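Here the structure comes first, spelled out in structure tokens, and everything after it is commentary.
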Amino acid sequence: MSGPDTPDSYRFEMGGGHWMFGVDQALRGMLEKYSSLCEYSRNAAVFFPETGLTVPYPIQNHLLALPKTIARRAAGEMLAPRSTEGGTLDAWLQNSFGPTLCELFFTPFHELYTAGLFRHIAPQDAQKSPVDLPRFRGAFERRGSPVGYNARYLYPCHGLGTLMKRIAEDCDVRYNSRATALDVSERIVRTEDGTVWPYESLLSTLSLDRTLALAHLDTDSAPDPYTSVCVLNIGACRGSRCPAQHWIYVPRSRSGFYRIGFYSNVTSEFLPKRIRRGSKYVSLYVERAYRGGARPSDDDLRSYADMAMRELQDWQFIRSVDVIDMTWIETAYTWHIPGSRWVEEGIALLAHNGIRQAGRYARWKFQGIADCFREGLQVGAELRTNVPHE
Ligand SMILES: Cc1cc2nc3c(=O)[nH]c(=O)nc-3n(C[C@H](O)[C@H](O)[C@H](O)COP(=O)(O)OP(=O)(O)OC[C@H]3O[C@@H](n4cnc5c(N)ncnc54)[C@H](O)[C@@H]3O)c2cc1C
């Protein structure tokens, strides 16, 4: 969150909706010291813009919502003996879900979500496309039982920004102090304001590629790829066909986005107070992926935002737009080339130079906020016990 969070404003998050899944009792207790947490049941779907069809997520467990012939063919393909060959995400999707569901949803969706990388990268994040055994429990029921990693989630009742601000008050955080160089022989970090920070051991949550670059350390293997995400936040008059879901996955869009989340369908706190009653307004976020290192110009991003808003108006999700805000997340999703050893090499090389990597991007692996908190608390405790007493 940036800017004032007042009752008069729409509330957006810089990285799009961040819903906290996998929070255990211990972490919940720690977080609740700072903010009460509200609990939600996921309400997500796949949306097909060309027909207007909405299928509950995950699509493979809700075949009944598809036209009968497609559902039957898809079920037959998923039950057929499958090959275990093929080390890419594309091959894994084909093997897991078969050609019908891939053509309909998985292939075009992953084309957008991975910015085309899915034909080259190793399968990962299987929890996002759960293959449930017995595979079709729920596939032909009206209400399939919820599956997947985020079937229930928590969100701070007064916003994630408020939670983070309160936690930060207990810490020593230096904002606007970008690390620009890391001298591993002198053991110092330089920040852009000219400050020099000596260290004995360093914990870095910067992405693995960035930490290696700052430290001028080279691995034998080439870096694994990543994708960036442009998050377009919109506050608008709600259109007549605006979904009721918390978020929807979109396999095809003119402007290239792959997911739309509706903050205000989770809680009306994301709307200005004066327009919270009734359902005339909506606060939403739209995500589009780009290949890592291929950030478009600001003009191109503005053209994309105009196009995306027009598309949402054509779909009658929104009418007039009150406000927009865009954020660029340079390293949003990290991927692996099959067989690559870059991550192990990079982490080991940094450790050898007294730098410990912690967090989702630092260790180049999928994990949500809850896992990052747990990891941070654990590593912090370990470091404290190893600090020599004065
Ligand atoms: C589009 C998207 C949606 C997501 N949705 C969810 C969700 O719904 N639920 C969920 O649990 N997780 C979600 N995540 C994942 C979540 O954002 C991450 O798990 C979490 O933010 C990782 O925390 P971290 O502390 O490891 O890294 P980060 O949050 O990336 O923290 C690293 C920090 O380092 C700072 N930094 C970078 N470079 C420098 C530098 N040179 N000098 C100083 N500081 C620097 C950055 O500004 C940043 O604040 C989502 C991620 C994306 C991209």
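Please order Leu53, Leu203 by the number of other Cβ within 10 Å, starting at the fewest.
Leu53, Leu203
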Histogram of C-alpha separations across the chain, 20 Å bin width, %: 24, 57, 19, 0
Sites Asp170 and Gln313, calculated FRET efficiency, Cβ-Cβ separation with R0 56 Å, nearest 0.05: 0.80
Compactness of region 9-108, expressed as Rg and Dmax over alpha-carbon positions, Å: 18.9, 54
Estimated inter-spin distance, Leu79 and Lys280, nm [label 7 Å along Cα→Cβ]: 5.2
Bridge type composition, the chain - antiparallel percent by DSSP, nearest 5: 90
Where GluC sites (Glu not before Pro) fall in DSSP loop in region 1-84, at most 11 other Cβ within 10 Å: Glu50
Whole-Hz couplings from phi, Karplus 6.51/-1.76/1.60, listed for region 353-370; x for Gly and Pro: 9, x, 10, 9, 8, 9, x, 4, 7, 5, 9, 6, 9, 6, 7, x, 4, 4
Rounded tilt (10° steps) of 298-314 against the dominant C-alpha axis of the chain: 30
Förster-model FRET efficiency, 51 Å R0, Ser320 and Leu64, C-beta, rounded to 0.05: 0.90
Highest to lowest packing among 54-63, 377-386, scored as the average C-beta count within 10 Å: 54-63, 377-386
Extension gain from Arg28 to Glu103, taking 0.36 nm per residue of separation minus the Cα-Cα distance: 22.9 nm
Sequence-separation-based contact order of the chain, relative, with Cα cut under 8 Å and 6+ spacing, percent: 24
Low-density loop cleavage sites - trypsin sites (Lys or Arg not before Pro) in region 179-242, where at most 13 other Cβ are within 10 Å (DSSP): Arg241
Global form of region 282-390, assessed from the alpha-carbon gyration tensor, a/c cut-off 1.5: prolate
Theoretical gain in end-to-end length, Arg119 to Asn353 [0.36 nm per residue, Cα-Cα removed]: 80.7 nm
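Based on the Kirkwood radius over alpha-carbon pairs, what is the Stokes-Einstein translational diffusion coefficient of region 226-334 at 20 °C with 1.002 mPa s viscosity, in µm²/s?
150
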Amide H within-cut-off set for Ile318, under 5 Å, with H built and near neighbours excluded: Gly239, Gln313
Residue-wise HN-Hα coupling along region 38-54, computed from phi with Karplus coefficients 6.51, -1.76, 1.60 (Hz; x: Gly, Pro): 9, 10, 9, 9, 4, 10, 10, 8, 9, 10, 9, x, 5, 10, x, 5, 10
Estimated vicinal HN-Hα couplings, Hz - region 165-178 in sequence order (Karplus 6.51, -1.76, 1.60; Gly, Pro = x): 4, 5, 5, 4, 4, 8, 10, 9, 9, 9, 7, 6, 9, 5
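Throughout, read-outs are computed from the coordinates displayed, never taken from laboratory work. Because the structure is predicted, anything quoted here is derived from the model rather than measured. Because the Cβ atoms are built from the backbone with ideal geometry, glycine has one as well, and the counts that use them run over all protein chains shown.
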